[in-house]
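One structure is given here, and the rest of the page talks about it.
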Amino acid sequence: MAAADFKMARVLFYVQHLLGIGHQMRAAAITRAMTTIGLDVTYVTGGFTDTALDLGGVKIVQLPPVRAQDATFKTMLDEFGHPIDAAWENRRRDALLRAYSVTAPDVLLIEGYPFARRRFRFELLPLLQTAQESGVPVAVSVRDILAAKSNPARVQEVVDIVQKNCAAVLVHGDPSLITLDKTFAAAAKIADKIRYTGYVSAPSISSAQNAPTRNGVVVSVGGGAVGGALLRCALAARPLTRLRDAPWRLITGPNLPKSDQHALARSGGVAIEQFNPDFRKILSHCALSISQAGYNTVMDVLATSAPSILVPFAQDGETEQTVRAKLLARHPGFQFISESELTPARLAATVDAVVDAPPSPKNTLNRNGAAETAKILLGLTALKH
C-alpha cells in the first residue's frame, strides 16, 4: 500500500465488554487516536454501549448485545436478560462477518482475544480465519496485566492462535512497571509479536491547572458494578479520619446495584453522584483519591497526581487489580489495602497516613498509549496483501 493511501486505510475494531465500563473507555481513546491520524475506523461493539461514549464520530456497528450476569462471568445474558444459546451465537457470528465484509478492512484490531473473551471464540475464530484468507493483518489489544491462567492447555491455545493469526500483540502498558511475561507465562513464545504502547491515558493536567491547595476526598469505583463494599466502608471511615470535616464526594458509576444506591442515598454530609464529566478535574483538586485499581481509574489518578489509596477488586479469583495496586504502591503517592483487610478503621488510618505524607514527585510512566497504538496500526496496513 502506497504512503498516499494511508489516510484512507480502514480499521475494523472489535470490542466486547461484559461488565463495567473500563474496556469501553480505553477502546474509545484508541479509536479517537486512530481518527486523529486519518484512519477510517469501524467500531464493532458486542456489549451494551454507553451512548455518551466519545468515539470521535466513527462508524459504529452494534452486534446483538450481551453482558455478564455477574463478576463470575459464567452466565451471559442477551438484551432481554435471557441466557444466550447456539441460535443467538449463530446470529452474532453472521452479523460480525457481515460487518467485516462491508468494511473490507486493511487491518483488524481485536480487543482481548485470544488472551481473554474465550467465550466468544464461536465468532472470533471465524473472524480470524476470514482475515487470514483475505490477507488482512490482525492486531490484538490487551491491557498491561492479564487474568492469570493456570491451565497449560489454555496457555498453549493462546500461543497457537497468536502465532498463526496475529501480526502484533499491543500491550497497553509500560514495561518499566510490568512486562507481559509476569502475567502470561508463555510470553517468550510470542516475543516477536509483542509491542508495548505505553498506557492509554488522557494527558496530564498541568501544574498550572492544578488547584493551589488540594482539598477534599473523592471515592470512586469505576462503573460501580462491584464497588458497593468500598463505598460503604468509605462512609463508615469518614468520621474516624482527620479529614472528616473536608468535603467528601462519592462517584458510584452507572452500574452500582440499586440496593447500594438506595443505602447511599440515606447517607448525609457527602456528595453522591453516578458520573461526573469533570472527574479528572475533580481529582486534580482533591487531597485524596480512594478507589479500586482498574486500568482507567489508575490512569486518571496518574494524570492528576492525586494522592491515592487503592483497594483493588479481588473477588471471584480476579488478580489484575491487585497486581497493579501492589506495583504502584512501591511508588510515592500510592497506598494499598487489600479487600480482605478493608475495614473502616484500617481505611481511616491509611487516610491519615496519606495526609501526613510529603508531596510526591510526578510519575514518569509512559502514558502515550493511544497515539502509539494508532501509529503501529497505521504501519500494519502496509502488510495487507
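The values are calculated or read from the model by the stated rules, or taken from the named source; none is laboratory data. If you're wondering where the values come from, they're calculated on a predicted model, not measured in any experiment. Neighbour counts are summed over all protein chains in view; Cβ atoms, including those assigned to glycine, are modelled from backbone coordinates with ideal geometry.
Annotations
- Among residues of the stretch 226-266, those that are within 20 Å of H285 (Cβ to Cβ) and either over 26 Å from the mean Cα position of the chain (by Cα) or not assigned by TED's automatic domain parsing to the domain that holds I290 (or both), counted: 8
- Checking A71, A87, A95, A28 one by one, the residue that is of a type in the set (A, V, I, L, M), in a loop (DSSP other than H, G, I, E, B) and not assigned by TED's automatic domain parsing to the domain that holds A314 is A71 and no other.
- Residue in the stretch 206-223 that is on the phi > 0 side of the Ramachandran plot and not β-branched (V, I, T) present: yes
- Verdict on P312 being closer than 22 Å to L342 by Cα and in a loop (DSSP other than H, G, I, E, B): yes
- The criterion of at least 1 residues that are out of contact with any helix residue (DSSP H, G or I) (no Cβ under 9 Å at 6 or more places or on another chain) is met by the following strands (runs of 3 or more DSSP E) wholly inside the stretch 204-294: 271-273.
Let's see how each residue does on (1) hydrophobic (A, V, I, L, M, F, W, C); (2) in the same structural domain as D40 (by TED's automatic domain parsing); (3) buried (at least 21 other Cβ atoms within 10 Å of the Cβ):
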{"residue": "V140", "(1), (2), (3)": "yes, yes, yes"}
{"residue": "N151", "(1), (2), (3)": "no, yes, no"}
{"residue": "V155", "(1), (2), (3)": "yes, yes, no"}
{"residue": "T179", "(1), (2), (3)": "no, yes, no"}
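- The sole residue among L128, L77 that is in the same structural domain as V41 (by TED's automatic domain parsing) and either modelled with pLDDT of 95 or more or of a type in the set (D, E, K, R) (or both) is L128.
- Being in contact with a helix residue (DSSP H, G or I) (Cβ under 6 Å, 6 or more places away or on another chain), farther than 30 Å from T213 by Cβ and small (G, A, S) holds for only one residue in A348, A382, A306, A374, and it is A374.
- Here is the figure for the stretch 286-297: residues that are in contact with a Leu (Cβ under 7 Å, 6 or more places away or on another chain) and under 24 Å from V171 (Cβ atoms) total 3.
- From the options T183, T241, T252, T197, residue that is β-branched (V, I, T) and over 30 Å from F73 (Cβ atoms): T241
- Near pairs, Cβ below 7 angstrom, 6+ apart or cross-chain, from the stretch 77-90 (under 16 Å from G47 (Cβ atoms)) to any residue that is surrounded by 12 or more Cβ atoms within 10 Å (Cβ to Cβ) and of a type in the set (V, I, T): L77/V66; D78/V66; D78/I84; I84/V66
- Checked against (1) over 23 Å from the mean Cα position of the chain (by Cα); (2) at pLDDT 95 or above; (3) in a loop (DSSP other than H, G, I, E, B), Q156 passes all but a single condition, namely (3).
- Count - residues of the stretch 47-81 that are more than 23 Å from V226 (Cβ to Cβ) and not β-branched (V, I, T): 9
- Hey, T72 within 19 Å of the chain's Cα centre (by Cα), surrounded by fewer than 19 Cβ atoms within 10 Å (Cβ to Cβ) and of a type in the set (S, T, Y) or not: yes
Quick grid of which residues meet (1) buried (at least 23 other Cβ atoms within 10 Å of the Cβ); (2) modelled with pLDDT of 80 or more; (3) not in a loop (DSSP other than H, G, I, E, B):
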{"residue": "D5", "(1), (2), (3)": "no, no, yes"}
{"residue": "Y14", "(1), (2), (3)": "yes, yes, yes"}
{"residue": "G20", "(1), (2), (3)": "yes, no, no"}
{"residue": "M34", "(1), (2), (3)": "yes, yes, yes"}
{"residue": "F48", "(1), (2), (3)": "no, yes, no"}
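- Within the stretch 103-127, tally of residues that are more than 24 Å from G173 (Cβ to Cβ), aliphatic (A, V, I, L, M) and surrounded by fewer than 23 Cβ atoms within 10 Å (Cβ to Cβ): 2
- Selection within the stretch 106-136 - more than 20 Å from E89 (Cα to Cα) and hydroxyl-bearing (S, T, Y): S134
- Qualifying positions in the stretch 364-385 - touching a Phe, Trp or Tyr at 6+ places or on another chain (Cβ under 9 Å) and not in a helix (DSSP H, G or I): L365, N366, R367, N368
- Residue within the stretch 22-32 that is modelled with pLDDT of 85 or more, surrounded by 15 or more Cβ atoms within 10 Å (Cβ to Cβ) and over 19 Å from R143 (Cα atoms) present: no
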